[in-house]
Structures are given as C-alpha cells and as structure tokens.
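What follows draws every value from the coordinates through simple rules; no lab data is involved. These figures come from a predicted structure and were not determined experimentally. Quick reminder, even Gly has a Cβ in these numbers, built from the backbone with ideal geometry, and neighbours come from all protein chains shown.
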Amino acid sequence: MATATGASAAKRVLSSKLGQSAEKEGLSREVIVLIVGAAAAIGFFVIGGLDYGGTLDLQIRPGEGAGINAALDFFVLGGLAFIGPYGFVESARLRRVAAIEKRLPDFLRDVAEAGRFGMTLPDAIIVAARGRYGLLTEEIKKMASQLEWGVPVATALSLFQERVPTPLVSRVVSIITRANEAGGNVADVLTMVAHDTREVQFAMDERKNSMLTYVTVIYISFFVFLVTIYIMAAVFLPQMVQAGRGIASSSLAGSGAVSLAFQYVPVLFLAFMVAVIVHAVGDGIMAGVLFNGKIAEGLQHATIMLAVGWAFMRFAVPILD
C-alpha cells in the first residue's frame, strides 16, 4: 500500500512538473525573434519616413543628400530586420527537426528488435534510449526518463510529439499508440513504420535534390539581372544623358525636330532599385518553397538576395545624375 501511495505521489509530482514546464515555456524563440524584428523594422520605417519628409537627414551613402533614395535605404533595412532574423532562426529550427526525423527510423528499428525479445513497449523504449541517434538522442532520453517515472507510454509519446511537432512524427506517434492499445505484435508494426518513414525521407531527399537545380537557376537569373542593371547604369544610360545634353545645347534644341528627355534618366535608378527589391523578395520566397515547401526557408533566401541586391545597387552601381 505504501509503495502504491508513493508511486501515485510521484506521478502527481511529475504531472505538476510537466504542467509547470509547459506554462513556463511561453513564447517560442521564433516568435520572440519575429516580435523583436518587427519592432526594429518599424523603427527603420519611421526613420525612412522622416528622412523622406526632410525632418531627418540621415544617409547610408555619404554625399547623396536626403530624398527618396536615402529613405528607401531605411525601408530596405527595415524589411531585412523583419524577415532576416526570423527566416534564419526558423530555418535553423526546421533543420534541427529534419535531423531528428532522419534518425527516427533507426530508433524505431531498435525498439522493434527489443520488443522481439519479449519486452513491453515502455521497456523497449528505455533500452533503446541507450543508443546514439544524433539530435534525437536527447528527446529519446527525455521520453525514457518519463517512462521510468511511471508516465504512461501514450502520454510520453504525446509529449514527444509536442516537442517535435511535425506531420511525420505525429503520424508515427499515432500509429504506435494505436498499435500498443490494440495489443498484438507491436514489433512488426514498428518495423513497418520504420520502413515507411525511411521511404518518406528518401522521397523528400529526392525532391530536394531535383529542386536544387531550379533554386540555382533562380540565383543565377537574379545575379544576371543585377549585372544587366550595372551595364545599363554604367555604360548605356550615361551615353544617353550625354547625347541628350548635346542635343539640348545644339541648334536643334529649339526646332523641335529632335528631342531626348534625358532629364528623366535619373528616375530609372529608383525603378531599378524597386525592381531589385521585388525580385529579391519574390524570387527568394519562391526558391525556399520550391526547395522544401517552407516559406521560412524562402525568407532566408529572400534576405540573402535582398541584402546582396541592395548593397550592389547602393555601392556598386553608379548613381544616374
């Protein structure tokens, strides 16, 4: 009786600890990074607006003066602050989850082999937790510790699913839980789940390899676009301005027979900058979605393209005047 009472008390303590840890989790790191990035972006947007209105005179490129170009710099920096940190942090989380999922079939096979020796599912998980499964090892040890404290196997699997909330893990946990509740040979079910999980991962890897070509094409086309802008701004458009000024100072200026509106050429720099921003964000998101179907991966590519494109336009392409 005393042993049963002690076990019940231990379960209540463990349940309360689990509840407290869930309450202490609060906002995830990704959400916190997104909030901080949004606050920084708003700050840059306000500076850009004040710079455009003439209240401030802050310049990224010295000697250019205040105006739409200087204001656009702060708008771009605000966009980078908003999508950049979140994109990289979320992509890192997705890579960690992918690394955990990659070793999941190995763990399932080890649990199945332990089950073939007559062990129950909780005992098989505890024994398999002694193995090495990369980043999955930590999660398996947590689940084994919970089982050793007397937590039901369904609850331990559910908590593992909450820590690694992916469709693949959810499906595996659901199948294992139902097979364990139905009874019978759970080892055979685990073996089939491990094989099916490995096949799904192979299919995902093949998709990424095939989509990598399209991602490369997107990057190449974007850099070709930047080089085209540089050639136009450094060679073609200055010749057009020079020809227009020559016509304006010649005897043909007043006749109206020949005219060249070269005064609108500097506006093309703003058009080029806007085009680079649109292409960087759009192409980056498309590259990420094509590669692994995640917008967060696309934000990472968009950040790289936008930063490179903005720096190239502001410090490599000559300003048209």
Kirkwood Rh over alpha-carbon pairs of segment 35-158 plugged into Stokes-Einstein at 20 °C, 1.002 mPa s gives a D in µm²/s of 116 µm²/s
A chain fully extended from L50 to T166 at 0.36 nm per residue, minus the present Cα-Cα distance, gains in nm 37.4 nm
For segment 23-102 (alpha-carbon point model, no solvent) the Debye-based log₁₀ I(q)/I(0) at q = 0.14, 0.15, 0.23 Å⁻¹ works out to -0.58, -0.62, -0.96
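I need the calculated FRET efficiency for the pair M286 and D196, taking r as the beta carbon distance and R₀ as 45 Å, to the nearest 0.05.
Computed FRET efficiency for M286 and D196 comes out at 0.90.
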